[in-house]
1. Which members of the range 112-127 meet the condition of being modelled with pLDDT under 95 and hydrophobic (A, V, I, L, M, F, W, C)?
2. Output the residue which, of all residues in the range 174-183 that are in a helix (DSSP H, G or I) and touching a residue at least 60 places away in the same chain (Cβ under 8 Å), is nearest to Pro99 (Cα to Cα).
3. Among the residues of the range 130-138, is any out of contact with any Pro (no Cβ under 6 Å at 6 or more places or on another chain), among the charged types (D, E, K, R) and crowded, with 20+ Cβ neighbours inside 10 Å?
4. Please work out which one of (1) surrounded by 17 or more Cβ atoms within 10 Å (Cβ to Cβ); (2) in contact with a Pro (Cβ under 8 Å, 6 or more places away or on another chain); (3) of a type outside the set (Gly, Ala, Ser); (4) at pLDDT below 95 is the condition Leu75 fails and give its number.
5. Given the structure, is Asp46 within 19 Å of Leu14 (Cα to Cα), out of contact with any Lys or Arg (no Cβ under 6 Å at 6 or more places or on another chain) and modelled with pLDDT of 95 or more?
6. Would you pick out the residues in the range 73-106 that are touching a Phe, Trp or Tyr at 6+ places or on another chain (Cβ under 9 Å) and more than 28 Å from Arg186 (Cα to Cα)?
7. Could you please find all residues in the range 58-89 being in contact (Cβ under 8 Å) with a residue 60 or more places away in the chain and either of a type in the set (Phe, Trp, Tyr) or farther than 18 Å from Arg122 by Cβ (or both)?
8. Could you check the range 130-155 and list, in sequence order, the residues that are under 17 Å from the mean Cα position of the chain (by Cα), among the hydrophobic types (A, V, I, L, M, F, W, C) and not in a loop (DSSP other than H, G, I, E, B)?
Amino acid sequence: MPVSVVAGLGNPGLEYENTRHNAGFVLLDALATEFDCRWAKDRKSDVLYATHERRGRKLFLLKPQAYVNRSGSCLREFFAFHKLSLSELAVVYDEINLPLGRAKISVGGSAGGHNGIADILRYFPDEFVRFRVGIGPKAPPWIDMKDFVLGRWRTEELKVLESETPGFLEGIKLLIDSGPQSAMNRVNRRPGKPDDGAAVKETTRQSEQETKDENSGKTEIPGYGDP
């Protein structure tokens, strides 16, 4: 099913601007700019939102304004007030177990150690769409996880992020227009793979297995998602 609500996760405030943990905010801001829509403060919830008419459908872009690990309560209030369907939600957020420059789409699963997703799972069914943006690997290896995700992008990292952003936005627009499967077939395909039916099926299968492996291994990361 195509999605009609896209939420990006991040921490509000100048202190957290341009940090890796705000990758969701970065992509939502870029999408709002492309759609030429403006952010407004919701009256009933701690959320910034923007609306856009796309192919005859109303689209909501959301940025929760509590810390990442309170994202779920913000979204719950917004969904309840606007009477939105929980099945049409996609969440864009940072993924330490994906290399910078890659993204991956999945549906359902565990929080994988990300406290923002853990909080969303308190209020939403786990079948919502996840659009994970790679920020890894952690470098230097000995840096504390919290310090890394809350650290600011290095110049070379920003160049990679900026160069890949158009492709990420195309993936999000595919989610909006065609639904998860079409978007997964495009976004989850590894670089250099041929774009034929067999390759798409194999890549999707590999992606689903990688998602299980990453979720299994990532649950022990301490503090991931904390402000």
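The values are calculated or read from the model by the stated rules, or taken from the named source; none is laboratory data. Because the structure is a prediction, the values reported are computed rather than measured. Cβ sites come from the backbone with ideal geometry, for glycine too, and all protein chains shown count toward neighbours.
1. Answer for the range 112-127, where residues must be modelled with pLDDT under 95 and hydrophobic (A, V, I, L, M, F, W, C): just Phe124.
2. Let us first name the residues in the range 174-183 that are in a helix (DSSP H, G or I), namely 174-178, 180-183.
Still in the running and touching a residue at least 60 places away in the same chain (Cβ under 8 Å): 175-178, 180, 183.
On the way: Leu175: 22, Ile176: 25, Asp177: 27, Ser178: 26, Pro180: 21, Ala183: 19 Å.
The extreme case among them is Ala183.
3. So the first thing to find is which residues in the range 130-138 are out of contact with any Pro (no Cβ under 6 Å at 6 or more places or on another chain), and the list is 130-133, 135, 137-138.
Now drop any that are not among the charged types (D, E, K, R), which leaves 130, 132, 138.
This time we only want the ones that are crowded, with 20+ Cβ neighbours inside 10 Å, so: 130, 132.
Yes, some residue in the range 130-138 is out of contact with any Pro (no Cβ under 6 Å at 6 or more places or on another chain), among the charged types (D, E, K, R) and crowded, with 20+ Cβ neighbours inside 10 Å.
4. Of the numbered conditions (1) surrounded by 17 or more Cβ atoms within 10 Å (Cβ to Cβ); (2) in contact with a Pro (Cβ under 8 Å, 6 or more places away or on another chain); (3) of a type outside the set (Gly, Ala, Ser); (4) at pLDDT below 95, the odd one out for Leu75 is (4).
5. Details: within 19 Å of Leu14 (Cα to Cα): yes; out of contact with any Lys or Arg (no Cβ under 6 Å at 6 or more places or on another chain): yes; modelled with pLDDT of 95 or more: yes.
Answer is yes for this residue.
6. Ser73, Arg76, Phe78, Phe79, His82
7. Residues of the range 58-89 in contact (Cβ under 8 Å) with a residue 60 or more places away in the chain: 59, 67-69, 71, 75, 79, 84-85, 87-89.
Hits for the range 58-89 are Leu59, Tyr67, Phe79, Ser85, Glu88.
8. Within the range 130-155, Phe131, Val133, Ile135, Val149 qualify.
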